[in-house]
Amino acid sequence: MNLRASRSFPFISKVLGINFMNISAKVLLDPKNAKPIECCPDNLKLKHTGVKCPKFSFKRLAGSDPILGLEMASTGESGCIGNDAFDALLKSLLSTDIEIPEYGNIIIVSEVERALRNYALFFKHLIPKGYNFYYFSTDSEENEYEGFATKLTFEEAEYMISTQKVQLGFSFAQPSPAIFVETPQSILRKKLFTYRIPTILDPNLACWFSQALINDAHKKIKYNVSLQEYLGLETEKKSPKNTLLNGEFEKVDVLKQIRKNQHTD
C-alpha cells in the first residue's frame, strides 16, 4: 500500500472507521511496540459496504480505443458507501456518469465468448423488467440466444449506436494488445463513447450491475445517511432505519450461478 499517494488508503480507513494513517505513523516511529488491530469487516460487524469506482476520460480522447489494460487509465475515482454491495456499487457508478436506465435497449459488444455466455444468464431475468438485449459478436454466425437477445451485424450495431437507440452498452473485450489492431469491436466501442452512451467495460462489473437491476437496487437508492451514521458515531440527528433490507425483493442470484459454472468448466 502506497501510504504517500494511494487513494485507496483513506477510503478504506473511512469505510472501516479506522485511522490507518495514524496507526502507520505509530508503527514507523515505534515498530517494536506495534500491535495487531482488528480490521475484518465481519468481526467489526459493519452494516455497510464501500465501493470505489474509477472515472475514465475516454470521452475526451477522441479516437482512442476505450479498453482496459495493465496501464492506469482512470483519471479519478469515486468512493461511495451503501447498505450493501449493490447499493454502494450503483452509487459509485452514478457518481462517475454511468446512467442507470429503468428500461430500454442494452447492446453488448463482445470479443470473449465465455463472458457473453456467462452474461446470457441474466437475459431471462431482465427482459421482464423492460430491458431488450442486442449483441455483436464474431464468434458465431448463428444466434445462440434466440428469443432472448438479437444478434446484430456490424452495420446494424453501428446504426443503433449512432442513432442513440440504445440506453446502455457492455463491452466484453480481450486484454489490450501491445500493438493496437482495429477490429469491428474496437470501432463499436469508440462509437459508444462518441455518442455518449453509458458503457461498462468489464464483464464482471456488468454482471454485478445487472444483478443490482434484478434486485431493483436502483429503485431503492437513498442518500439520507451520513458517514458518521454508517460508522455508528454520535450525531445530532437520530440515524434513520435501514430500509434496504435483504428480502425486500425476490432473491434471484445469477452471480452465484456464474461462479458455479466457472468451477465446473
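No value in this document is a laboratory result; all are computed from the given coordinates. Quick caveat: nothing in here was measured; it's all calculated off a predicted structure. Cβ atoms come from the backbone with ideal geometry, glycine included; neighbour counts cover every protein chain shown.
Things worth noting here:
- Potential lengthening between HIS125 and LYS45 on full extension [0.36 nm per residue; Cα-Cα distance subtracted]: 25.6 nm
- Overall size of region 84-140 from C-alpha positions, given as principal axis extents largest first: 36, 23, 20 Å.
- Across LYS191/LYS251; LYS124/LYS191; LYS47/LYS256, pairs whose alpha-carbon gap is larger than 31 Å: LYS191/LYS251
- On the basis of the beta-carbon distance and an R0 of 30 Å, ASP97 and VAL27 show a calculated FRET efficiency of 0.20.
- In this calculation the C-beta distance from GLN174 to ASN261 is compared with R0 = 30 Å, giving a FRET efficiency of 0.90.
- Model label sites at LYS251 and LYS35, defined 7 Å from Cα along the beta-carbon direction, differ in position by 3.9 nm.
- Gain upon complete extension [THR138, GLU229; 0.36 nm per residue less C-alpha separation]: 27.8 nm
- Exposure proxy order (Cβ contacts within 10 Å, fewest to most) of THR199, THR153: THR153, THR199
- Proximal lysines to LYS26, defined as alpha-carbon separation beneath 18 angstrom and excluding residues fewer than eight positions away on the same chain: LYS35
- For GLU77, GLU141, the sequence from fewest to most other C-beta atoms within 10 Å is GLU141, GLU77.
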